[in-house]
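The values are calculated or read from the model by the stated rules, or taken from the named source; none is laboratory data. All values derive from a computational prediction rather than experimental measurement. Heads up, the Cβs are rebuilt from the backbone with ideal geometry, glycines too, and the neighbour counts pull from every protein chain shown.
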Ligand SMILES: Cc1cc2nc3c(=O)[nH]c(=O)nc-3n(C[C@H](O)[C@H](O)[C@H](O)COP(=O)(O)OP(=O)(O)OC[C@H]3O[C@@H](n4cnc5c(N)ncnc54)[C@H](O)[C@@H]3O)c2cc1C
Ligand code: SF4
Ligand code: FES
Ligand code: FES
């Protein structure tokens with residue numbers, strides 16, 4: 001498949017990239033590793049006449065124990081022993097993204113900003129045309145929830161939940177300067193598969209920053225997928241626990257692969273602080289979280305199964321991190 | 001339509017040519033350079049048949065712009081094959097029956113060559129993990145893993 005012609009721009013700095021973005025407003029996409037964008041372009045999904053490649057912007061590179069540049073390849077994160085030791089949940093999530101070949105090109109920034117997915121959307125042009133296009137590309141209705149004028153495409157990135165559970169921050173640069181925010185604030189929590197991000201058009205993800213406290217957390221990530229390689233998450237549960245199992249200071253849960261954005265469940269996990277993380281208390285939280293999530297039928301596994309597995313995976317993931325040795329008396 | 005000069009090295013030879021911005025590396029190799037050992041399978045990142053080495057690292061040429069090869073070294077299956085005979089990994093694939101229709105084989109060979117360069121004596125698990133982005137519809141993988149292990153001196 002050849003790509004339709006576009007003009008490629010190769011700025012060397014964030015400022016140059018932002019300037020280009022200003023002139024090409026609405027007519028461009030940023031290009032990082034291309035492992036998400038180029039398949040969509042090959043399928044004629046939402047093409048733009050310009051691509052601004054971030055490959056040469058050196059500020060976006062590099063991984064250390066408290067920062068990951070947005071253009072860092074997933075493979076580089078995987079190969080960083082410091083980072084894997086400091087944040088096991090992030091290391092687990094990275095190792096489970098796609099395949100080693102995709103991770104050689106795919107970046108951290110691209111993973112956070114991955115286009116939402118739906119099996120009526122990630123299809124070739126003739127496929128989509130024969131069924132009738134949908135809201136997310138070229139059309140005016142939704143095939144998943146036909147009575148609503150809204151898109152339910154699923155957020156399928158593995159890193160965002162792992163980072164959100166550790167309360168990591170993302171640094172973005174835009175026309176009006178730089179700002180930092182919690183990773184989960186990158187996303188539109190109103191739940192819209194099209195207007196999926198909170199970013200202002202043209203904004204660039206510069207880096208992930210870990211707060212000092214993230215190093216003290218025990219963290220883990222559990223992913224549900226059909227094949228243990230290649231497949232996107234049908235559910236991805238990240239957990240982090242600070243402090244002793246008998247009286248944790250704080251517990252965080254973040255879940256991806258179910259809705260249009262990765263979601264944290266602080267209202268449920270705050271109740272876990274200060275008292276032993278027994279099986280019974282973990283189960284109560286797992287059930288409460290499961291009651292809140294609303295997957296729809298637009299990925300491979302049916303939503304009812306993904307919901308039931310949410311309960312199981314929340315229990316499993318929390319059990320893995322509740323104590324330094326992974327277990328506590330029930 | 002925008003084009004610009006590309007300066008790269010392909011299988012040890014310097015290459016300079018004007019390439020359209022939207023040109024994909026796989027198309028440059030197969031269609032412009034006639035290096036058809038690199039296969040087009042899915043064209044979407046889901047099979048590994050198009051694997052080449054970019055500065056030594058296994059890379060999906062179907063999801064890489066030709067521009068990304070600027071100033072870098074591209075190695076295809078043609079570059080791995082010696083003028084006479086076969087590369088040790090190729091020989092092991094033949095001897096161990098790790099190739100049937102052969103369509104996936106160039107990708108597996110390049111992935112394996114890079115693995116064995118970085119980890120000369122990989123374990124079975126390391127081999128399985130390294131090739132987990134390459135699909136084969138014929139062999140069932142056992143023979144492929146055995147071939148790579150044989151080159152690394154394991155079984
Ligand atoms: C076969 C296959 C399997 C996959 N499986 C998984 C999986 O299991 N889990 C998973 O999470 N992903 C998966 N992916 C998706 C993808 O490979 C990864 O999410 C990858 O990390 C995306 O990064 P990229 O650099 O290639 O992004 P690109 O494709 O380059 O970009 C993705 C989006 O982000 C924007 N963007 C990228 N970087 C920036 C930045 N710094 N600032 C502003 N905008 C930016 C782009 O404009 C684009 O909209 C899979 C892909 C394939 C082909
Ligand atoms: S959820 Fe509906 S609108 Fe969104 S991509 Fe799927 S079919 Fe299209
Ligand atoms: S052709 Fe590139 S991965 Fe299938
Ligand atoms: S030998 Fe036929 S696909 Fe692998």
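Given the condition in contact with a strand residue (DSSP E or B) (Cβ under 6 Å, 6 or more places away or on another chain) and farther than 23 Å from residue A:236 by Cβ, answer yes or no: does some residue in segment A:89-103 qualify?
Of segment A:89-103, the ones in contact with a strand residue (DSSP E or B) (Cβ under 6 Å, 6 or more places away or on another chain) are A:89, A:92-93, A:96, A:101.
With farther than 23 Å from residue A:236 by Cβ added as a condition, the list becomes none.
No, the conditions are met nowhere in segment A:89-103.
Quick one: is residue B:142 within 25 Å of residue A:228 (Cβ to Cβ), more than 16 Å from the chain's Cα centre (by Cα), at pLDDT 95 or above and away from ligand 3 (no atom under 16 Å from the Cβ)? Before the answer, list the steps.
Details: within 25 Å of residue A:228 (Cβ to Cβ): yes; more than 16 Å from the chain's Cα centre (by Cα): yes; at pLDDT 95 or above: yes; away from ligand 3 (no atom under 16 Å from the Cβ): yes.
So residue B:142 passes the test.
Counting residues that are out of contact with any strand residue (DSSP E or B) (no Cβ under 7 Å at 6 or more places or on another chain) and away from ligand 1 (no atom under 16 Å from the Cβ), which strands (runs of 3 or more DSSP E) fully inside segment B:3-81 reach at least 2? Can you show your working first?
Values: elements: B:3-10, B:13-20, B:51-54, B:57-60, B:73-75.
Answer list for segment B:3-81: B:13-20.
Name the single residue, out of those in segment A:298-319 being closer than 30 Å to residue A:245 by Cα and touching a strand residue (DSSP E or B) at 6+ places or on another chain (Cβ under 7 Å), that is nearest to ligand 2 (Cβ to nearest atom). Show your work before the answer.
Residues of segment A:298-319 that are closer than 30 Å to residue A:245 by Cα, as a first pass: A:306-319.
Remaining after also requiring touching a strand residue (DSSP E or B) at 6+ places or on another chain (Cβ under 7 Å): A:306, A:309-310, A:313-314, A:316-318.
Working: A:306: 15, A:309: 21, A:310: 20, A:313: 23, A:314: 25, A:316: 29, A:317: 27, A:318: 30 Å.
If we take residues in segment A:298-319 being closer than 30 Å to residue A:245 by Cα and touching a strand residue (DSSP E or B) at 6+ places or on another chain (Cβ under 7 Å), then A:306 is nearest to ligand 2 (Cβ to nearest atom).
Restricting to segment A:27-77, name every residue that is part of a loop (DSSP other than H, G, I, E, B), out of contact with any strand residue (DSSP E or B) (no Cβ under 8 Å at 6 or more places or on another chain) and within 16 Å of ligand 3 (Cβ to nearest atom).
Matches in segment A:27-77: A:36, A:43.
Conditions tested, residue by residue: (1) within 14 Å of chain B (Cβ to nearest Cβ); (2) under 14 Å from the mean Cα position of the chain (by Cα).
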residue	(1), (2)
A:54	yes, no
A:84	no, no
A:102	yes, no
A:105	yes, no
A:112	no, yes
A:116	no, yes
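In segment A:2-26, which residues are under 24 Å from residue A:230 (Cα atoms) and either more than 14 Å from chain B (Cβ to nearest Cβ) or assigned to a strand (DSSP E or B) (or both)?
Quick first cut of segment A:2-26, residues under 24 Å from residue A:230 (Cα atoms) only: A:2-3.
Listed by number, the list is empty, since nothing qualifies.
Within segment B:60-69, restricting attention to residues that are in contact (Cβ under 8 Å) with a residue 60 or more places away in the chain and more than 9 Å from chain A (Cβ to nearest Cβ), which residue is surrounded by the fewest Cβ atoms within 10 Å (Cβ to Cβ)?
Filtering first and then ranking leaves B:66.
Could you pull out the residue among A:191, A:202, A:177 that is over 24 Å from residue A:83 (Cα atoms), within 12 Å of ligand 1 (Cβ to nearest atom) and more than 14 Å from chain B (Cβ to nearest Cβ)? Quick ask: steps written out before the conclusion?
Values: A:191 fails: within 12 Å of ligand 1 (Cβ to nearest atom); A:177 fails: within 12 Å of ligand 1 (Cβ to nearest atom).
On inspection, the qualifying residue turns out to be A:202.
Taking residue A:301 as the residue in question, decide whether it is surrounded by fewer than 23 Cβ atoms within 10 Å (Cβ to Cβ), within 16 Å of ligand 1 (Cβ to nearest atom) and either at pLDDT 95 or above or not in a loop (DSSP other than H, G, I, E, B) (or both).
Working: surrounded by fewer than 23 Cβ atoms within 10 Å (Cβ to Cβ): yes; within 16 Å of ligand 1 (Cβ to nearest atom): yes; either at pLDDT 95 or above or not in a loop (DSSP other than H, G, I, E, B) (or both): yes.
Here the answer is yes, as residue A:301 does meet what is asked.
Identify, by number, the condition in (1) touching a helix residue (DSSP H, G or I) at 6+ places or on another chain (Cβ under 7 Å); (2) surrounded by fewer than 22 Cβ atoms within 10 Å (Cβ to Cβ) that residue B:126 doesn't meet.
(1)
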